[in-house]
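What follows is one structure encoded as structure tokens, with my remarks underneath.
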Amino acid sequence: MFLRKALAFTWPSIVPSTSKATDPVGNAWLRCAMHSPMAFYALIFGASHHSVHLREPHSTADSAALLRLSYKTQAIKLINELINKHLRKCGRDSIDALLISICVLAVFGSERDAATEHTHPQSPLAKAQNLDFYGKKRFVPAHMQALYLLVRQTGGLESIEMYGLADALA
């Protein structure tokens with residue numbers, strides 16, 4: 001369910017596409033999730049957070065919070081396993097899966113968002129590319145630092161092959 005919503009609503013807005021029929025970001029990220037358990041759990045964790053945002057703020061059950069925590073824990077475990085295997089021996093697909101996994105943890109790893117007050121009417125552009133949601137996120141500094149280092153050590157943004165990932169990181 002979470003992946004279906006991410007494919008339909010969230011991922012297509014990351015990088016605008018000229019085609020309405022296909023979503024290159026959704027296709028690339030779903031392929032990554034299917035080939036990398038680490039990316040799968042991280043992307044499910046992120047998609048489940050976004051799903052909570054689409055519902056009423058107080059409608060989330062404790063079981064959903066525990067499920068999200070289990071996704072996050074599994075993603076962190078798999079990230080650590082990959083890093084401990086000596087990252088230099090990994091192929092580009094594994095590095096891109098690691099980058100997307102850490103990116104998701106950086107965005108969704110903090111349980112608290114920035115407080116915002118609506119003192120004026122919300123702009124019609126607030127929902128464009130999910131700005132109303134992602135604009136309130138507080139990125140986890142440790143994960144952001146890891147992303148900066150990994151991108152630099154693995155050839156920079158231009159070496160990223162997964163469609164839309166370099167745009168999401170920039």
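Per-structure values
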quantity: Qualifying residue in the range 104-111 (condition: more than 19 Å from A142 (Cβ to Cβ), hydrophobic (A, V, I, L, M, F, W, C) and touching a residue at least 24 places away in the same chain (Cβ under 8 Å)); calculated: no
quantity: Residue tally, condition in a helix (DSSP H, G or I) and either modelled with pLDDT under 85 or over 21 Å from G164 (Cα atoms) (or both), over the range 14-71; calculated: 23
quantity: Some residue of the range 115-128 being closer than 21 Å to V52 by Cα, of a type in the set (V, I, T), at pLDDT below 90 and open to solvent by less than 60 Å² (accessible area, probe 1.4 Å); calculated: no
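The values are calculated or read from the model by the stated rules, or taken from the named source; none is laboratory data. Since this is a predicted model, take the numbers as computed values, not measurements. Cβ: placed from backbone, ideal geometry, glycine included. Neighbour counts: every protein chain shown. Ligands, DNA and RNA are excluded from the accessible area calculation, which covers all protein heavy atoms including side chains. Shrake-Rupley method; radii C 1.70, N 1.55, O 1.52, S 1.80 Å.
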